[in-house]
Amino acid sequence: MSVLIAGASAAGLSTLEALRRQGYQEPITVLGAETHLPYDRPPLSKQYLCGDWDEVRTRLRPEEMLAKLDANFVLGDPATALDVERRLVSTESGRELSADSIVIATGLRARMLPGQEGLAGVHVLRTLGDADALRRDLAGASGAGDLGDDSSRTQPRLVVVGDGVLGAEVAATARKLGCSVTLAGPQGAPLESLFGAVVAGLLGELHAAEGVELRLGTAVSGLTSAGGRVTGVQLASGDHLPADVVVVALGATPATEWLVDSGLTLDNGVVCDSQCRAADGIYAAGDVARWRHDGLDALLRLENRTNATEQAACVAANILGENRSYAPIPYFWTDQFATKIQVHGLPSADADVTVAEGAIDERRFVTHYRRDGRTVAVLGWNMPKQTRLHRAHLVQT
Amino acid sequence: MKVIVDQDKCVASGQCVTAAMDVFDQRDEDGIVVLLTDTPPDELAVDVHQAAAVCPALAIVVED
């Protein structure tokens, strides 16, 4: 019996830890595309981007704890193919790794704008390397070398393209760093399609009060550049937003291109049964996995940190023969400026939103999202403990 | 078994309380973790390890 885990981030490492915790003593190999030891991604847009944390602090586990897990870490070598029949993964460097069970935990790849690749000053934010490059660019793009007529300008002008969670977090962190920040995207307010108009409206007010210029409600049509460096963002409305640095935060797609010839069902992720099994002996966990959630009777794929850990634990149990269905209450959080928003369940813009505790005016409240007569989500704004207590309203009936 | 929490790392998700409510709690005002006991009885070992595993901020260390 042996296990190969393709992916050395939160889901991959959690699978390894859960297997060892449950007493599994056979060989485990963890294959990672990046050269770094396993690190945590949520801080990349916050503590790491603003410089409060160094690289060591982003590590998921200290080296001595990793060593105790007694796994063979193969890092800096992306998986390139999977032979389902032989349970064999090929890698970029030519390795062929086989195992009795294989876990697919290759995560996501950031979406890009057409013409973005190779253009200086434009960034996505998914990896530690991405965060380093953005940090350097924000520190260097003070505008001092700009020959433009605005010689008094010293703040780097950052335009964030994308009004979702990541875009809003990057905008908030960049304000903290002293950048002049514009947030552009198609929604009426940040995260509106997820949170609905009321809560998203409050988030927009928060950003505006903290000095972020909101250019929302209009699509971005492209980037402008000169001499190989970005100069701004073109909006569909015809307006142009000048920029020294641009962050493209338009979401991400499951990293499944290495699986196209595998015969696995790929449809917005690796499609799995309710036990996170993609084929006999092949499992998927984390951002890349789209599995049948029995409680919701639907295929679900979650891009959040807690899911990576919880799903990995379920996969580990099933490798060990438990046949456990995975039906979690989704949870994610976002920190923007001094505001912490926590969400249990699946909110949506068409749900009815009511305040269940606290008060919106005090910017400290818990809301319930109701759809078709059921509470489908609980969202807390600067009220963590109380929000968790309201989670009980979501427990499956 | 000894439990150590790092309140600076804690992101107030409350996942630890869900996993082991006799060992962990949250501050009312900001949700940061509060350790109810740093030497929980052995029968809670599974729950406490589960709490450490699900903490999204890796703020809980359990020494056996």
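Could you say whether any residue in region B:37-46 is out of contact with any Leu (no Cβ under 7 Å at 6 or more places or on another chain), away from every other protein chain (no Cβ under 12 Å), under 28 Å from residue A:41 (Cβ atoms) and part of a loop (DSSP other than H, G, I, E, B)? The answer is no; no qualifying residue exists. Only a single criterion out of (1) surrounded by fewer than 19 Cβ atoms within 10 Å (Cβ to Cβ); (2) touching an Asp or Glu at 6+ places or on another chain (Cβ under 9 Å); (3) not basic (Lys, Arg) is not satisfied by residue A:118, namely (2). Being under 15 Å from the mean Cα position of the chain (by Cα) and within 13 Å of chain B (Cβ to nearest Cβ) is a condition met by no residue of region A:13-27.
Restricting region B:19-33 to residues that are more than 7 Å from chain A (Cβ to nearest Cβ) and surrounded by 15 or more Cβ atoms within 10 Å (Cβ to Cβ), the residue that is farthest from the chain's Cα centre (by Cα) is B:32. Taking region A:36-66 as the range and being within 18 Å of the chain's Cα centre (by Cα), charged (D, E, K, R) and in a loop (DSSP other than H, G, I, E, B) as the test, the residues that pass are A:40, A:41, A:46.
Consider residue A:296 carefully, then state whether it is at pLDDT 95 or above and surrounded by fewer than 20 Cβ atoms within 10 Å (Cβ to Cβ). Here the answer is no, as residue A:296 does not meet what is asked. Criterion first (surrounded by 15 or more Cβ atoms within 10 Å (Cβ to Cβ), modelled with pLDDT under 95 and not assigned by TED's automatic domain parsing to the domain that holds residue A:163) does residue A:57 satisfy it? The answer is no for residue A:57. Note on region A:168-182: residues that are assigned to a strand (DSSP E or B) and in contact with an Asp or Glu (Cβ under 6 Å, 6 or more places away or on another chain) amount to 1. Of all residues in region A:320-333, those satisfying the criterion of being surrounded by fewer than 22 Cβ atoms within 10 Å (Cβ to Cβ) and in contact (Cβ under 8 Å) with a residue 40 or more places away in the chain are A:320, A:323, A:324, A:325, A:327, A:329, A:332.
Conditions tested, residue by residue: (1) more than 29 Å from residue A:254 (Cα to Cα); (2) in contact with a strand residue (DSSP E or B) (Cβ under 9 Å, 6 or more places away or on another chain); (3) surrounded by fewer than 22 Cβ atoms within 10 Å (Cβ to Cβ).
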{"site": "A:317", "(1), (2), (3)": "no, no, yes"}
{"site": "A:355", "(1), (2), (3)": "yes, yes, yes"}
{"site": "A:373", "(1), (2), (3)": "yes, no, yes"}
{"site": "A:378", "(1), (2), (3)": "no, yes, no"}
{"site": "A:381", "(1), (2), (3)": "yes, yes, no"}
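The strands (runs of 3 or more DSSP E) found entirely in region A:294-397 that carry 3 or more residues being more than 12 Å from every other protein chain (Cβ to nearest Cβ) and either touching a Leu at 6+ places or on another chain (Cβ under 7 Å) or hydrophobic (A, V, I, L, M, F, W, C) (or both) are A:298-300, A:352-359, A:364-371, A:374-381. Mind checking whether some residue in region A:241-255 is farther than 22 Å from residue A:123 by Cβ and either in the same structural domain as residue A:161 (by TED's automatic domain parsing) or modelled with pLDDT of 95 or more (or both)? The answer is no; no qualifying residue exists. Taking the criterion of being under 26 Å from the mean Cα position of the chain (by Cα), farther than 19 Å from residue A:327 by Cβ and free of Cβ contacts under 8 Å to residues at least 60 places away in the same chain, the residues of region A:346-386 that qualify are A:364, A:365, A:366, A:368, A:370, A:380, A:382, A:383, A:384, A:385, A:386.
For every residue, the table says whether it meets (1) in contact (Cβ under 8 Å) with a residue 24 or more places away in the chain; (2) of a type in the set (Gly, Ala, Ser).
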residue	(1), (2)
A:94	no, yes
A:100	yes, no
A:121	yes, yes
A:140	no, yes
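Has region A:99-106 got any residue that is loosely packed, with under 15 Cβ neighbours inside 10 Å and either under 25 Å from residue A:315 (Cβ atoms) or modelled with pLDDT under 95 (or both)? Within region A:99-106, one or more residues are loosely packed, with under 15 Cβ neighbours inside 10 Å and either under 25 Å from residue A:315 (Cβ atoms) or modelled with pLDDT under 95 (or both). Checked across region A:220-229, the condition of being under 26 Å from residue A:370 (Cα atoms) and crowded, with 22+ Cβ neighbours inside 10 Å holds for no residue. How about region A:199-241: which of its residues are small (Gly, Ala, Ser), free of Cβ contacts under 8 Å to residues at least 24 places away in the same chain and part of a strand (DSSP E or B)? Result: A:221, A:226. What do you reckon, is residue A:15 buried (at least 23 other Cβ atoms within 10 Å of the Cβ) and in the same structural domain as residue A:286 (by TED's automatic domain parsing)? Here the answer is yes, as residue A:15 does meet what is asked. Checked against the criteria, residue A:80 counts as in a strand (DSSP E or B), touching a Ser or Thr at 6+ places or on another chain (Cβ under 6 Å) and more than 14 Å from every other protein chain (Cβ to nearest Cβ).
The values are calculated or read from the model by the stated rules, or taken from the named source; none is laboratory data. The structure displayed is predicted, hence computed values, not measured ones. Virtual Cβ from ideal backbone geometry, glycine too; neighbours counted across all protein chains shown.
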